[in-house]
Structures are given as structure tokens and as C-alpha cells.
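Working notes for the structure below.
The values are calculated or read from the model by the stated rules, or taken from the named source; none is laboratory data. Just so it is clear, the model here is predicted, and its values are computed rather than measured. Glycine also receives a Cβ, built like all others from the backbone with ideal geometry; neighbour counts cover every protein chain displayed.
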Amino acid sequence: MATLYEPDLVELQRQLRLDVAKLFSAFSLDRVSAMLKGREKIEQLQMALLTATEGNRENLIFRNEKLLLDSIFILFEWCEKTLMGSKDAEAKLNAALANSNLFDLNTFSYLEVFYDKIVKIKLLINEIDASHLDNVKIVVKLFLQLQHPTIAYLNSDNSYKINFQSNEEIIESKPELIVISLEFYLQETPWANPQVLKAKEIYTITGTLKFNKFPENFKVLKILSATTSSEIFELKLADVEITNELEYNIEGTLLFKYAQSNFEDNLSIKLVPYLIGNAKEELQPVIIGYDELNAKILDQNNILFQTGFETINKKVFEIYTNPLLAKIDLQDRNEFITLLNSIANFQGYCLQSGLYKNVSSLKEDQFRDKLIQHLTANPQIGGKVVKESQVAGGRVEIAYKGHIAELKVETATSDRAKLMKKFSSQAVAYASGNGKSASIVCVLDLTEKILPPGSPANNIILKSPSIHGFEDVQSNAHVQVFVFIDGNTKNPSEYSR
């Protein structure tokens, strides 16, 4: 029978691993001093974990983790002293080696993937010397890849068993682990981790889970949130009724109540599964795959989405949070949206000021020069806009940090579907030539306006264009935004005649 779930213990582990990941992900040999400044906070969390589990067998898991982290921090000290030519650098290296060798791999039934990475880390530390400084970087990278076991119960059947020795006999308790492979999807797209979401919107999330073996004598699987900051979000996953199958579909809802004040950090929801048996016994299996859901919760008032026009702001925000953009690197996504934001600002300006009112023809060069003039005056991108760069053997109209915007002037048809089909491929080719998976096409529509133009937000359209090799399937490998600017408009009073 399991003891009570320990939410504070889980939160300590989450915070420790979040702080370590944030610190170590910025590692480089010229930043070891900065790494060492973050050590005190991490040691405080480690000591809190050791204190909370004192007298329990799970305490040894955290002792192992502390030995490994101590070894890495001592390596940082060795790097610092080695680079400064200090005589006592060798003592630091020996201390790091001693700490890593004290990590006991045989105390618990660690997962094979975890076990293998620990072995690699210990071997690398053994090989480190002044001529192999780069090994420190590899050690840090391997540590960041470790999937540490999350302890949610003390003195529980949580699949991490200690070996006890009594009367010179070793009694091993190594039942086969129950492992759950877990995947989550949002709008049929794999959860991006971090997934960019809006605050105050209820999302339906779906997923699949698969057991490595049938959980005999258990009838229900519950998946709970282990994160204590539940006032920030609401996660509801339906219980899974265990039948005779190994694979099940899951579904639930997720709501984040507030936007983040600091967009640099992820919000993390640690997931803890447990099985309930016919006799109300409980067992916590191990999760592989999505053991936590990471998200960035956007504030719609962020400057990234401020075009100067409220309805257009909402449209740019919707595009940024669309799952089609989830595969794009965060920095790339921000730069792409910055360019889109600036072009959308020009779209709103044109309609509001009547810049192209009663203009029935215009050369593309004139359109381009006016847009570039407008973009250059925009403080978000300013002088970083490049005019007529060469990519893939062709001339790109506008580029910003590798992202391209192709400009077109149309006088024959206003049909948006036909225009997107006509102008899509060229922009895709240019963007791909720059190694980008997103592009913008800005079309100045100078056709006769028999009907009045609609909201500019409706003229910003997100699509996933067809690309070579994926003609018959929806690959979502490229994302494209069309921005249509209605020119050749009339005075509003003329539409009532």
C-alpha cells in the first residue's frame, strides 16, 4: 500500500532540475565563473531534498544526484583554476573524480537509458585533463539529457527499489518495472515542449499511452499534475479504465489562467501517474516520453504583437500561438513574427490613411520602396531590413535576419485562394534557400473594389503550402503568411450610390 503523495517533494525536484537546466544550458568554458555563482541556490534545494527524505530509502537517490552535481561544479572550479594557471587545479580534478566514482549505480534499478548516460559521464570525467577541456562541455550536455526519476511517494512501491543486505546474504527486490510511454497532441500536432499558448483559453489535449506490460490487478490509471502552482493552471485528464489492452487513448483539457510576466522561463507541469487496484492498492509506474508539459503563456500586450491596430494585434497573436509554428525555433519564431508585425502595421496604415486609394496600377519596385521606407522607420526592425538580397539564385524583395517577404502587385483578380496558389512557391523557395521554414507574401490588391474592403485582420492568412516530395500529404513542413493590402479603394460614400 502506498503512502500519501508528496506534492512539496515533487515541487522541490522540479525546481532543482529547472534551475540546473537553466544554469547549465548556458555553459561555455568562458562562463565557468558565472556557473559557480549559481551553485549556492542549487545546493540549498539539494539539502532541502535530503532533509525531506531523511530516514527513507529514497534519500539515497538524492545523495547520488548531489554527488554527480558536486562533481560537475568541482569540474567548473578546476576549469577556472586551470585557465588561470593555478597550482592547486589538480586537486580539484581529483575531487571531481572522487565524487563521480561515489555515485552508486547498483543501489537502485535505474532505467537503462539513465544508467548508460551515467556510465558515459563517469568515463568522461576520468579522461579529463588540460588537453581535454572540451570533455567538460560534453559532461554538461549529457547531464542535461538525463531523465532523473521523480519521487512522489516516500516508502512507496514507486519502482525504485533498494537492495538490502542481511546476515551476509543479499536479498534483491527487482520486480519488472511498469513503464508507460506517453505522448500528447494539441490540435493533432505533437506537444512542442515548450508549447506556446494563450492565457484564459481552454485547450483540448489528446494523447496515447502504452504499457510495457499488462498491469495485473489494477483497474484504473490516473495521471495527476505534480506541480503545486495549480492556481496558475487547471489540468484535467480523464481516468483510464484498464481493460485487456496495452495501449489507450487519453483526453483532457488545459487552462492557463494568467500570462507570464517573464517570457524567458517555461511553465512546467510535472505529470505523475498512479495505478489503483481492485483492493485499493496503489502503484506509481515510470513515465517515458512526456513526463512533463512545458509551456510559454503569452501576454497579448507583449510588444511582439503590437502593430498599432487592435484587430491586427489579435491576428498576429493567433498566428504566433498556432501549432503550425510550434516546430520553429523560438528565436526564429520571434524574428519571423517581428517582420510580420511590421508588415501588418503597414497594412493597417495603408487602409487607414488611404495611401493607395484610387490607385489602379503601380510598379512592384515602387511598392517595395514605400514598404521598406515604412519598415526602416519602425523601431522594432529599423536598419536590419535588407533590400533585394540574393538567395537561391534569385532576388528577394525584403529580408530580415534571414526571413523573407516577397512582394506582389495584383491588378487582375482579387480571389484570395487563386492568389495564394499563384504566389506561394517563389517565397517558399527563397525561404528554404535561407534555411527557414516560414515565409511571408505581401500582395497589394489594386483590382476594382466593387464591394467595400473588409477588416485588415481577415486579409492576413496563415497556410501550410505544398512542397516538393510532399505533394499528396499535409506535411506542415513550411508555414506561410499572406498579407493582402487593399488598394484602389473608393471614398466610403461611393459604395452607397
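Take the residues in the stretch 276-298 that are of a type in the set (G, A, S) and either under 30 Å from P323 (Cβ atoms) or touching a Ser or Thr at 6+ places or on another chain (Cβ under 7 Å) (or both), then tell me which one is modelled with the highest pLDDT. The selected residue is A295. Of the candidates E318, E310, E292, E281, the single residue that is acidic (D, E) and crowded, with 16+ Cβ neighbours inside 10 Å is E292. Of all residues in the stretch 94-136, exactly one satisfies the criterion of being more than 29 Å from the chain's Cα centre (by Cα) and among the basic types (K, R), namely K122. A single member of L355, L407, L375 is in contact (Cβ under 8 Å) with a residue 24 or more places away in the chain, among the aliphatic types (A, V, I, L, M) and part of a helix (DSSP H, G or I), and it is L375. Residue check: Q426 meets all listed conditions (1) over 21 Å from K327 (Cα atoms); (2) touching a Phe, Trp or Tyr at 6+ places or on another chain (Cβ under 9 Å); (3) modelled with pLDDT of 90 or more; (4) of a type outside the set (A, V, I, L, M, F, W, C) but one, namely (2). Pairs under 8 Å by beta carbon, first residue without any contact (Cβ under 8 Å) to a residue 24 or more places away in the chain in the stretch 121-138, partner loosely packed, with under 15 Cβ neighbours inside 10 Å and of a type in the set (D, E), six or more apart or different chains? Sorted first by the residue in the stretch 121-138, then by its partner, the pairs are N135/E127. Scanning the stretch 293-324 for residues that are within 12 Å of S342 (Cβ to Cβ) and in a loop (DSSP other than H, G, I, E, B) yields a count of 3. Residues in the stretch 14-40 that are surrounded by 14 or more Cβ atoms within 10 Å (Cβ to Cβ), over 20 Å from the mean Cα position of the chain (by Cα) and closer than 18 Å to D265 by Cβ: 1 in all. Scanning the stretch 74-88 for residues that are more than 15 Å from N135 (Cβ to Cβ) and either buried (at least 19 other Cβ atoms within 10 Å of the Cβ) or modelled with pLDDT under 85 (or both) yields E77, M84, G85, S86, K87, D88.
Kindly establish whether S493 is without any contact (Cβ under 8 Å) to a residue 60 or more places away in the chain, part of a helix (DSSP H, G or I) and small (G, A, S). So S493 passes the test. Picking from residues in the stretch 203-262 that are surrounded by 12 or more Cβ atoms within 10 Å (Cβ to Cβ), within 15 Å of I180 (Cβ to Cβ) and of a type in the set (S, T, N, Q), the one that is farthest from the chain's Cα centre (by Cα) is N212.
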